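Student: Before anything else, here's the structure in question.
The values are calculated or read from the model by the stated rules, or taken from the named source; none is laboratory data. Given the structure is predicted, the values throughout are model-derived calculations rather than measurements. Cβ atoms come from the backbone with ideal geometry, glycine included; neighbour counts cover every protein chain shown. Note: accessible area is taken over every heavy atom of the protein model, side chains too, but ligands, DNA and RNA are not part of it. Shrake-Rupley method; radii C 1.70, N 1.55, O 1.52, S 1.80 Å.
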Amino acid sequence: MSDPSSDYAKPLPELDGHTEDFYTFCGLGELRFQRCDDCGAWRHVPRELCPECGSWSWQWARSSGRGSVFTWTVVTRALHPAFAESVPYAPTVIELEEGVRLLSEVVDCTPDALEIGMPVEVVFERATPEVALPKFRRVSA
Amino acid sequence: MRDQACIVGIGETEYCRKPGSGMSTLALQLKAAAGAIEEAGLSAASIDGIMPFPNVGKAEELAANLGCENLRYAATIHMGGAAPVASLQAAAAAVVAGMANYVLIPGGWNGYSGPRVRQTVSSDTASIPGGTIARDYYLPFGMTAPPQWYSLMARRHMHEFGTRSEQLGAIAVAMRKHAQQNPRAVMHGRPMTLDDYMASPMLADPYRFFDCCLETDGGSAVVVTTAERARDLPHSPVYIMGGACGQPYPADEITNRRDIFRTGLTIAAPEAFAKAGVTPTDIDFAQIYDCFTFEVLQQLEEVGFCKRGEGGPFVEGGRIELGGELPVNTHGGLLSEAHSLGIGHITEAVRQLRGEAEGRQVANAEIGLVTGWGDFGDGSVAILRR
Ligand SMILES: [Zn+2]
């Protein structure tokens, strides 16, 4: 839940279990995903075991934070009141170098400048003292 | 199981927006259900199976109101909008196996005058299988509602295959055209051109306002029994030739699919055709769950009416309109008739196969196909014949 002392009014993740870990690393400036100890497969969102090989053994492995734009939508009419002031904005799927995809946003780019395949790298946006959101900015190819 | 079960009764309330139905969600479902039971020539006491729509209906409550005092089989298939068509298959299996004799599949809601899905879905983590994932990984980034989820796939399709807005528009225009032949349709008397479509405001680019289904009040229901029992009932039965359902992988998370166009229907369609013993060329009309235009295009591809990537050209030139090669959503669909949770697609297929579709009747309609789509891409399909 959001910190009552903060002005941040958009929805926040529930900090619980693996999701708490994911966002805690973001707060430290690290984008980490689960990586299977046995087959090496990366995964997102967090799961209890490796759907590729069935292993229960995994670690929070650090991503390079580099990836590219896979697809996006441009929200021009907010369907949630917390985003009414934000339109137009573009929820964007980023494909990381490690192969996992993450729904996020490219922060230094207007929606009409987005392109599929555009190279990006992670930046972290502090929302509350507990939560930082992984977002992305453009990098030259 | 081919042809061993059939639909013997259909019921619907009126569909409306302003000023709303003036009825409760429960009352809408009961009115539609009572209509279907009566049309089937049955009494409520003979209904011994009920398959309510996920989250909006409870079998116990429906049975207690209707007088279904012999209820034996109650089950809900949690596939969102794919549930009713998935329930057809389950109901068929239930009656053939003797788990129930007559199964009611009811649905209905105040989709207009009650809470709007586009607003509630983001706060109700129980309403969709990926609810907590959406809350923790989508919502903080502003992806809050179904048109936004699916438009991610629509854009990718445009990128990979060159699909254009005008092609999505051809779907919206076809549904609207069909609604002009359907007095029950909320958009009856309100025609729309491709120019109107292109001029409608963007909502979740590439989805415009007219790419999105209606939000309406209303209910609908069907009754399923065995072919043998159907012989004693008043209407000519509509036979369930084959049905199947399936889920994308993973079904609870929309961005990490190796192949993002592989949805539930991709798995379900070949199974349904194999069970029915027919191919896509045998289908006279299709009722395709049309929550948004691109989902129609995508389902036409995954059912196999055209190859993947060819859906754009396929929907152009009137091919999916009445009089075309494959009339789609002859009642106007969710886009232009009403959003009765997908059951309206089944009731319209029944009307077509009974020859009761009046001004929108597909000539010599013998075999029809109905799909459902729900949650993050769950799919169901049924092939029906007269
Ligand atoms: Zn593994």
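Student: Give the residues of the range A:12-37 that are within 16 Å of the ligand (Cβ to nearest atom) and either open to solvent by 60 Å² or more (accessible area, probe 1.4 Å) or part of a loop (DSSP other than H, G, I, E, B) (or both), sorted by residue number.
Tutor: Scanning the range A:12-37 gives A:35, A:37.
Student: Only residues that are buried (at least 18 other Cβ atoms within 10 Å of the Cβ) and in a loop (DSSP other than H, G, I, E, B): list them for the range A:129-141, please. Before the answer, list the steps.
Tutor: Initial filter on the range A:129-141 (buried (at least 18 other Cβ atoms within 10 Å of the Cβ)): A:131-136.
Matches in the range A:129-141: A:131 only.
Residue by residue, here is whether (1) under 29 Å from residue B:275 (Cβ atoms); (2) surrounded by 24 or more Cβ atoms within 10 Å (Cβ to Cβ); (3) out of contact with any Pro (no Cβ under 8 Å at 6 or more places or on another chain) holds:
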{"site": "B:10", "(1), (2), (3)": "yes, yes, yes"}
{"site": "B:38", "(1), (2), (3)": "no, no, yes"}
{"site": "B:48", "(1), (2), (3)": "yes, no, yes"}
{"site": "B:64", "(1), (2), (3)": "no, no, yes"}
{"site": "B:69", "(1), (2), (3)": "no, no, yes"}
{"site": "B:85", "(1), (2), (3)": "yes, yes, yes"}
{"site": "B:92", "(1), (2), (3)": "yes, yes, yes"}
{"site": "B:102", "(1), (2), (3)": "yes, yes, yes"}
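Student: Can residue B:151 be described as in a loop (DSSP other than H, G, I, E, B), under 24 Å from residue B:298 (Cβ atoms), within 9 Å of chain A (Cβ to nearest Cβ) and not β-branched (Val, Ile, Thr)?
Tutor: On the way: in a loop (DSSP other than H, G, I, E, B): no; under 24 Å from residue B:298 (Cβ atoms): yes; within 9 Å of chain A (Cβ to nearest Cβ): yes; not β-branched (Val, Ile, Thr): yes.
When the stated conditions are applied, residue B:151 does not pass them.
Student: Moving on. Looking at A:8, A:89, which is the one that is modelled with pLDDT under 95, closer than 30 Å to residue A:112 by Cα and either of a type in the set (Phe, Trp, Tyr) or within 16 Å of the ligand (Cβ to nearest atom) (or both)? Break it down into steps so the answer makes sense when it comes.
Tutor: Numbers: A:89 fails: modelled with pLDDT under 95.
When all the criteria are applied, what remains is A:8.
Student: Going by what's in this entry, would residue A:52 be described as part of a loop (DSSP other than H, G, I, E, B), within 16 Å of the ligand (Cβ to nearest atom) and touching a strand residue (DSSP E or B) at 6+ places or on another chain (Cβ under 8 Å)?
Tutor: Working: part of a loop (DSSP other than H, G, I, E, B): yes; within 16 Å of the ligand (Cβ to nearest atom): yes; touching a strand residue (DSSP E or B) at 6+ places or on another chain (Cβ under 8 Å): yes.
Criteria met by residue A:52.
Student: With the condition kept exactly as written, say whether any residue in the range B:135-142 is surrounded by fewer than 23 Cβ atoms within 10 Å (Cβ to Cβ), touching a Ser or Thr at 6+ places or on another chain (Cβ under 9 Å), under 27 Å from residue B:300 (Cβ atoms) and within 9 Å of another protein chain (Cβ to nearest Cβ).
Tutor: Looking through the range B:135-142, none of the residues is surrounded by fewer than 23 Cβ atoms within 10 Å (Cβ to Cβ), touching a Ser or Thr at 6+ places or on another chain (Cβ under 9 Å), under 27 Å from residue B:300 (Cβ atoms) and within 9 Å of another protein chain (Cβ to nearest Cβ).
Student: Given (1) open to solvent by less than 20 Å² (accessible area, probe 1.4 Å); (2) within 14 Å of chain A (Cβ to nearest Cβ), identify the lone condition not met by residue B:283.
Tutor: Only one criterion in (1) open to solvent by less than 20 Å² (accessible area, probe 1.4 Å); (2) within 14 Å of chain A (Cβ to nearest Cβ) is unmet by residue B:283, namely (2).
Student: Of the residues that sit in the range A:69-84 and are without any contact (Cβ under 8 Å) to a residue 60 or more places away in the chain and at the interface with chain B (Cβ under 7 Å from one of its Cβ atoms), which one is farthest from residue B:155 (Cα to Cα)?
Tutor: Within the range A:69-84, the match that is farthest from residue B:155 (Cα to Cα) is A:79.
Student: Which residues, counting only those in the range A:55-85, are away from the ligand (no atom under 16 Å from the Cβ), assigned to a strand (DSSP E or B) and of a type outside the set (Ser, Thr, Tyr)? Show your work before the answer.
Tutor: Our first condition is that a residue be away from the ligand (no atom under 16 Å from the Cβ); within the range A:55-85, this holds for A:62-85.
Of the ones still in play, those that are also assigned to a strand (DSSP E or B) are A:62, A:66-72, A:74-75.
Selection gives A:62, A:66, A:67, A:69, A:70, A:72, A:74, A:75.
Student: Mind listing whichever residues of the range B:158-202 are in a helix (DSSP H, G or I), touching a strand residue (DSSP E or B) at 6+ places or on another chain (Cβ under 9 Å) and in contact (Cβ under 8 Å) with a residue 60 or more places away in the chain?
Tutor: Passing the criteria: B:168, B:169, B:171, B:172, B:174, B:175, B:178.
Student: Could you list, in sequence order, the residues of the range B:281-307 that are touching a residue at least 60 places away in the same chain (Cβ under 8 Å) and either assigned to a loop (DSSP other than H, G, I, E, B) or closer than 18 Å to residue B:366 by Cβ (or both)?
Tutor: If we filter the range B:281-307 for residues that are touching a residue at least 60 places away in the same chain (Cβ under 8 Å), which is where we start, we get B:282-299, B:302-303.
Passing the criteria: B:282, B:283, B:284, B:285, B:286, B:287, B:288, B:289, B:290, B:291, B:303.
Student: Could I ask something else about it? Looking at (1) open to solvent by less than 10 Å² (accessible area, probe 1.4 Å); (2) touching a residue at least 60 places away in the same chain (Cβ under 8 Å); (3) not in a loop (DSSP other than H, G, I, E, B), which is the only condition residue B:320 fails?
Tutor: (3)
Student: Could you say whether any residue in the range B:172-180 is buried (at least 21 other Cβ atoms within 10 Å of the Cβ) and within 23 Å of residue B:19 (Cα to Cα)?
Tutor: yes
Student: So which of B:357, B:268, B:274 is surrounded by fewer than 24 Cβ atoms within 10 Å (Cβ to Cβ) and more than 22 Å from residue B:12 (Cα to Cα)? Give the derivation first.
Tutor: Working: B:357 fails: more than 22 Å from residue B:12 (Cα to Cα); B:268 fails: surrounded by fewer than 24 Cβ atoms within 10 Å (Cβ to Cβ).
Sole residue among the options that is surrounded by fewer than 24 Cβ atoms within 10 Å (Cβ to Cβ) and more than 22 Å from residue B:12 (Cα to Cα): B:274.
Student: Next up: Suppose we filter the range A:88-121 for residues that are part of a loop (DSSP other than H, G, I, E, B) and either at the interface with another protein chain (Cβ under 9 Å from one of its Cβ atoms) or open to solvent by less than 50 Å² (accessible area, probe 1.4 Å) (or both); how many remain? Outline the logic, then answer.
Tutor: To start, the set of residues in the range A:88-121 that are part of a loop (DSSP other than H, G, I, E, B) comprises A:88, A:90-91, A:97-100, A:105, A:107-110, A:114-118.
Remaining after also requiring either at the interface with another protein chain (Cβ under 9 Å from one of its Cβ atoms) or open to solvent by less than 50 Å² (accessible area, probe 1.4 Å) (or both): A:88, A:90-91, A:98-100, A:105, A:109, A:114, A:116-118.
Count: 12.
Student: State all residues of the range B:195-204 that are crowded, with 22+ Cβ neighbours inside 10 Å and either among the aliphatic types (A, V, I, L, M) or within 14 Å of chain A (Cβ to nearest Cβ) (or both); if no residue qualifies, say none. Before the answer, list the steps.
Tutor: Here is the first cut: in the range B:195-204, the residues crowded, with 22+ Cβ neighbours inside 10 Å are B:197, B:203-204.
Passing the criteria: B:203, B:204.
Student: Please tell me if residue A:99 is away from the ligand (no atom under 16 Å from the Cβ), closer than 20 Å to residue B:257 by Cα and of a type in the set (Gly, Ala, Ser). Write out each step before concluding.
Tutor: On the way: away from the ligand (no atom under 16 Å from the Cβ): no; closer than 20 Å to residue B:257 by Cα: yes; of a type in the set (Gly, Ala, Ser): yes.
When the stated conditions are applied, residue A:99 does not pass them.
Student: Among the residues of the range A:38-49, which ones are near the ligand (Cβ under 10 Å from one of its atoms) and open to solvent by 70 Å² or more (accessible area, probe 1.4 Å)?
Tutor: A:38 - this is the single residue of the range A:38-49 that is near the ligand (Cβ under 10 Å from one of its atoms) and open to solvent by 70 Å² or more (accessible area, probe 1.4 Å).
Student: Determine whether residue A:42 is closer than 17 Å to residue A:137 by Cα, within 13 Å of chain B (Cβ to nearest Cβ) and in contact (Cβ under 8 Å) with a residue 12 or more places away in the chain. Before the answer, list the steps.
Tutor: Values: closer than 17 Å to residue A:137 by Cα: no; within 13 Å of chain B (Cβ to nearest Cβ): yes; in contact (Cβ under 8 Å) with a residue 12 or more places away in the chain: yes.
So residue A:42 fails the test.
Student: Is it true that some residue in the range A:52-62 is crowded, with 17+ Cβ neighbours inside 10 Å and within 14 Å of chain B (Cβ to nearest Cβ)?
Tutor: no
Student: Could you check the range B:1-101 for helices (runs of 4 or more DSSP H) lying wholly inside it with 3 or more residues that are touching a strand residue (DSSP E or B) at 6+ places or on another chain (Cβ under 9 Å) and farther than 24 Å from residue B:184 by Cα? Quick ask: steps written out before the conclusion?
Tutor: Working: elements: B:25-39, B:59-66, B:83-97.
Result: B:59-66, B:83-97.
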